[in-house]
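In what follows, a single structure is set out as structure tokens and then discussed.
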Amino acid sequence: MKKRMIRNRRPVVAAVMFAVLLLITCGNNAGEKYSKAVERYRSGEKSALADMEKNLIRAVSRERLNGKGTYCENGLLFLRKDNKLKILYPREVSITLESADMDRIRSMDEDNLVLCDGLNCRIYDRGGSETASITGGEGKEEITAAGVHGGLVYFLRNKKMFTHDPVAGTNDPLTGDSFSPPYEKYFAGRMLFVGSRLCLILGAAGSYNLSVIDLEKNAPIVKNVSAASSKVYMDDRFVYYVSGTSGSWSLARRRIADGKPETIMSLKNLIDIEIVTGAAVLETKTGLSVANPDGKEIRVPFNYGLKGSAKGLALLEYDGDIYAVDAAVMYGMLKELQESVPGLFEGKE
């Protein structure tokens with residue numbers, strides 16, 4: 001849900017539709033095949049539906065990966081077997097783990113990977129070589145969240161945020177504030193970074209607190225806002241999250257500058273959600289749907305599964321593969337399809 005989409009939606013809608021036209025008419029083989037399959041289906045060729053399903057997801061994807069045996073957590077798609085960890089997306093790197101809990105916490109940026117077992121963290125370069133570590137030592141408080149951004153490692157220990165400089169080997173307090181989950185006995189943490197801001201999410205089982213920290217001022221802007229899911233997305237103006245309680249959830253956003261909340265849409269029969277750039281992908285009892293920044297929702301009339309998200313893209317499963325999908329472009333193409341073949345969506349909304 002980009003800044004431009006929120007400030008002025010008309011140019012963005014035009015941009016999405018222009019991207020759709022480019023996919024279909026210019027050089028995107030899957031887009032061309034999808035367009036032809038739609039015409040075949042409209043002409044009465046029911047077998048063209050399978051080609052529509054296959055080529056739509058290919059047309060809106062940035063990358064296609066083998067999905068066999070994969071897991072997706074906190075923005076990373078990976079394989080995990082015995083003491084081997086292989087991250088597949090957003091970039092590929094392989095690590096041999098020294099203990100079963102060594103990758104309890106995982107975070108990656110363009111240049112570094114951080115793995116933590118709760119007491120100690122290890123930092124790896126792009127090639128998977130260990131370059132630095134954060135040592136807890138006996139009696140140290142547990143590290144409950146960690147993230148890497150801009151060459152520094154940020155971690156939460158005993159409710160306090162710290163930064164670790166791998167080059168200098170130093171740990172420094174980030175802010176004097178305390179950050180807590182709603183229930184402190186069992187919880188997990190994750191971090192998101194956008195520019196000079198960090199979003200910290202702490203909690204478990206449908207009860208979370210989220211905070212946004214200004215990394216230039218070393219101070220929280222938004223602190224301990226209640227959320228119903230760890231599925232959170234942040235851009236340079238808003239933080240997007242699920243609010244409410246079981247059976248009465250809503251997709252909401254909160255303006256970072258002044259903390260003003262806004263409800264985007266209610267979420268009915270929700271099983272899972274991924275909030276990504278320009279859209280949200282929802283899994284309900286009736287299948288998948290995609291919602292735009294205004295909360296307008298359209299069902300996906302094809303058999304795709306929701307795996308997770310990474311780098312603002314939705315990770316969808318289809319025919320054994322994982323596709324990194326631009327959900328905003330998919331929304332635009334589905335709206336066009338609904339206008340062209342409305343019967344395909346009957347009973348789906």
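If contacts are Cα pairs under 8 angstrom and at least 6 residues apart, what is the relative contact order of region 100-139 in percent?
Details: 69 pairs, mean separation 11.2, N = 40.
Dividing the mean separation by the residue count of region 100-139 yields 28 percent.
Mind checking which of M265, M191, S243 is farthest towards the positive end of the chain's charge dipole, using Cβ charges of +1 (Lys, Arg) and -1 (Asp, Glu) about the Cα centre?
Checking the options against the dipole of the chain, the answer is M265.
What is the distance in Å between the Cα centres of region 33-99 and region 306-349?
Centre-to-centre (Cα) distance: 12 Å.
Positive end of the dipole of region 269-339, charges at C-beta (+1 Lys, Arg; -1 Asp, Glu), about the Cα centre: which of L334, A280, A314 has its Cα farthest in that direction?
Of the options given, the answer is A280.
With charges only on Cβ, +1 for K and R and -1 for D and E, what is the dipole size of the chain about its Cα centre, in debye, rounded to 20? Could you put the intermediate results ahead of the total?
Details: 48 positive and 44 negative charges, 179 e Å.
Rounded to the nearest 20 debye, it is 860 debye.
With springs only between Cα atoms under 10 Å, which of V114, V212, V194 fluctuates most in a Gaussian network model of the chain?
Maximum fluctuation in the GNM of the chain, among the listed residues, is at V194.
Taking only C-alpha pairs under 8 Å that are 6+ residues apart, what is the relative contact order of the chain in percent?
Values: 764 pairs, mean separation 44.5, N = 349.
It comes to 13 percent, rounded to a whole number.
Rounded, prolate or oblate: which one fits region 176-256, using the alpha carbon gyration tensor with axes a ≥ b ≥ c (rounded when a/c is under 1.5, else prolate when a/b beats b/c, else oblate)? All intermediate terms of the calculation are to be shown ahead of the outcome.
Numbers: a/c = 2.22, a/b = 1.31, b/c = 1.70.
Verdict is oblate for region 176-256.
Calculate the dipole size of region 179-266 relative to its Cα centre from +1 charges on Lys and Arg beta carbons and -1 charges on Asp and Glu beta carbons; express the result in debye to the nearest 20. It would help to have the intermediate numbers written out before the result.
Values: 11 positive and 7 negative charges, 17 e Å.
That gives region 179-266 a dipole magnitude of about 80 debye.
May I ask you to compute the full-extension gain from K217 to E130, defined as 0.36 nm times their residue separation minus their alpha-carbon distance, rounded to one decimal in nm? Intermediate values should be presented prior to the final figure.
Values: separation 87, 0.36 × 87 = 31.32 nm, distance 3.04 nm.
Extending this stretch completely gives an extra 28.3 nm.
Arrange the peptides 169-179, 223-233 so that the one whose residues have, on average, the most other Cβ atoms within 10 Å appears first.
On the way: 169-179: 13.9, 223-233: 19.7.
Sorting 169-179, 223-233 by mean packing, highest first, produces 223-233, 169-179.
Could you work out the helix-only [θ] at 222 nm for the chain, with each DSSP H run of four or more residues adding -39,500 (n - 2.57) and the total divided by the number of residues, to the nearest 500 deg cm²/dmol? Intermediate values should be presented prior to the final figure.
On the way: 5 runs with 62 residues, N = 349.
Dividing the helical sum by the residues of the chain leaves -5500 deg cm²/dmol.
What order do you get for 54-62, 180-188 when each peptide is scored by the mean count of other beta carbon atoms within 10 Å, highest first? Could you put the intermediate results ahead of the total?
Numbers: 54-62: 22.0, 180-188: 14.2.
Descending packing order for the listed peptides: 54-62, 180-188.
Just how large is the dipole of region 245-349 about the Cα centre, in debye to the nearest 20, putting +1 at every Lys and Arg Cβ and -1 at every Asp and Glu Cβ?
420
Of all DSSP beta bridges in the chain, what percent run antiparallel (nearest 5)?
Numbers: 107 of 107 bridges.
Restricted to the chain, the bridges split so that about 100 percent are antiparallel.
Each reported figure results from applying straightforward, stated rules to the coordinates on display, with no laboratory input. Since we're looking at a predicted model, the values are computed, not measured. In this analysis, Cβ positions are derived from the backbone assuming ideal geometry, glycine residues included, and neighbour counts consider all displayed protein chains.
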